[in-house]
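Novice: Following this message is one structure expressed as structure tokens.
The values are calculated or read from the model by the stated rules, or taken from the named source; none is laboratory data. Small disclaimer: the values here were computed from a predicted structure and weren't measured. A quick note on method: Cβ atoms are made from the backbone with ideal geometry, for glycine too, and the neighbour counts reach across all protein chains shown.
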Amino acid sequence: MDRKLIIGWTAVALSAIISSLWAYWGIFENFHEGWYYKSFAQNLGLTTRYLALMTIFMVLSVTALRWPRVGGSLYALFGIFFSIWIFSTRRTMDASVILGWLPVTLPLVFIGMLYWYGRPAPISRAYKISIFLPLLVLITFGFEPVIRIAGRVDDGNHGARIVEGNGVKLIWAPEGPGWPRPDPRDSSWKTDWSGPTWEEAQNRCRHLVNDGKSMASSPQNFWRLPTVEEVVRSMARHGKNCGGIWDFTAARASYTIKPDKESPLWNPYSPVIYWWTSTEKDEKTAYCVVYNGRVLLRDKGKRMGSQGFRAVKEMVEP
């Protein structure tokens, strides 16, 4: 078989895989941590950003098929600049970071070289694979979240809520210092809001006044962080308790209904998708809960713009 043919189809296959992987990542993250605006147009703007890398790699692939040497050079150059950008954005630079990202960045230069020398044929089939495979991945993995998000429930009540069910009855704090929400309409939240550490979340809960709308200068001890089991057992979807169970031994949550970012616990229009819980594993780590019910172990000192908390307190029976 013609060597240039083999090299060309290798380039097409590898670049189609890369475009498809970024299509999967983009559409997943778009509907996982994105899509929090009330404006449909602003949400589409987020989608465009999440799908930018998929689009770039598709354009590079098509360009390399049409003009092999120009497109191959652009593919390789993008790989070099992408590597520089990735490493420049890392907070720490060590061997593990470099070795972890090289398998992502180095192949781009290699693919550019393959496009330079290779000549896939028939070229029409190469175009179809480069364009339609990533789009197929995008549609396949985007179908479920689109349907799910379109059916999300938000009753608009972001005040203190009594949530009862599945063996748990608690008052959940109103929006404010006990349930912080960075405002996505304010562009400054991305720089001013970094999310509280576990200790900071604990401290804010202790200083909340009884109505949960402000903080006192000294500990009041009305409110606290919920345990991981309390959050899991309180999760709801479409107004129904999800039947969550927390397995202490396996450190895993299971549900009869998969939770979502809905009332009464979550605000669908908040960029916060992780909550701290009071449950610790050890001195350095504690559990956090995702809006979809997953439970993660996280360093207590970690800050994330998508990380928050919601304080709770027990019902006081008359």
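Novice: Any chance the stretch 237-249 includes a residue that's over 19 Å from the mean Cα position of the chain (by Cα), assigned to a loop (DSSP other than H, G, I, E, B) and among the hydrophobic types (A, V, I, L, M, F, W, C)?
Specialist: Yes - at least one qualifying residue is present in the stretch 237-249.
Novice: Moving on to the next point. Take Ala311 and decide whether it is in contact with a strand residue (DSSP E or B) (Cβ under 9 Å, 6 or more places away or on another chain) and on the phi > 0 side of the Ramachandran plot.
Specialist: No.
Novice: Quick test for you: out of Ile6, Ile56, pick the one residue that is within 13 Å of Ala126 (Cα to Cα) and surrounded by fewer than 17 Cβ atoms within 10 Å (Cβ to Cβ).
Specialist: Ile6
Novice: Please list, ordered by first then second residue, the pairs with beta carbon atoms under 7 Å, 6 or more apart or interchain, first in the stretch 107-131 and free of Cβ contacts under 8 Å to residues at least 40 places away in the same chain, second part of a helix (DSSP H, G or I).
Specialist: Val109/Ala76; Val109/Gly79; Val109/Ile80
Novice: Could you list, in sequence order, all residues of the stretch 265-294 that are in a strand (DSSP E or B) and more than 25 Å from Tyr37 (Cα to Cα)?
Specialist: Thr277, Ser278, Thr279, Glu280, Thr285, Ala286, Tyr287
Novice: Assuming Ser15 fulfils every condition listed in (1) touching a Pro at 6+ places or on another chain (Cβ under 6 Å); (2) in a helix (DSSP H, G or I) apart from one, which condition is it?
Specialist: The failed condition is (1).
Novice: Return the residues of the stretch 269-318 that are within 22 Å of Ser214 (Cβ to Cβ) and aromatic (Phe, Trp, Tyr); say none if nothing qualifies.
Specialist: Selection gives Trp275, Trp276, Phe309.
Novice: Please indicate, with yes or no, whether at least one residue in the stretch 262-274 is in the same structural domain as Lys300 (by TED's automatic domain parsing), surrounded by fewer than 15 Cβ atoms within 10 Å (Cβ to Cβ) and modelled with pLDDT under 95.
Specialist: No: the stretch 262-274 contains no residue that is in the same structural domain as Lys300 (by TED's automatic domain parsing), surrounded by fewer than 15 Cβ atoms within 10 Å (Cβ to Cβ) and modelled with pLDDT under 95.
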